[in-house]
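Any read-out appearing in this document is the output of simple, stated calculations on the displayed coordinates, not a laboratory observation. Note that the structure is predicted; figures quoted are calculated from it, not measured.
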Amino acid sequence: MSSTLVTNVRTALAYTVQAIRFADSALILFLELSAFPLPPNPIKVQFYQDVVDHLTEAYLAMKALPFDTYFPSDPVFPNTPIVPQSEDNQHLINLSDNRISLALDKIELTINYLDQAIEQIEENEALNGQLFFIRFSLLAARDALVSGLHEPDFSVG
């Protein structure tokens, strides 16, 4: 197994962790809108929850690969910033949309690194299948993220 393959998977794992953190943070911010007169759109909430679930599935699959996926410089990002209660709901929407766009960037980077890792595998079909499964989970997360962005922010009726 080449060191470049392992490095690409480790980098993809680090970006997956970042994407999970951003998507979860966006979901939490969006759920804070329930205190306002119009409740958040439950379909949009479900799409964002699906993103977190698919990314978590991809993360666990990467950790289960038959080589060491420990990445010593895994970046740690701060938790969701505390939003003062006086903020309006548009500010919360902007914060959640910003987090979603950051998660989308990290998912795209993860897919690119995983594609590079898949290109380097020739002899190990089992590992190839595992990486394709991980890629499928990442694509599902990206599709759910894009679908959630296209949903309206609030329930109308």
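Values computed for the structure shown
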{"read-out": "Karplus-derived HN-Hα couplings along the stretch 15-32 (A = 6.51, B = -1.76, C = 1.60, θ = phi - 60°), whole Hz, x at Gly and Pro", "value": "5, 5, 4, 5, 5, 4, 4, 5, 5, 5, 4, 5, 4, 4, 4, 5, 5, 5"}
{"read-out": "Solvent-free Debye scattering, log10 I(q)/I(0), computed from the Cα coordinates of the stretch 9-70 at q = 0.17, 0.22, 0.24 Å⁻¹", "value": "-0.61, -0.83, -0.92"}
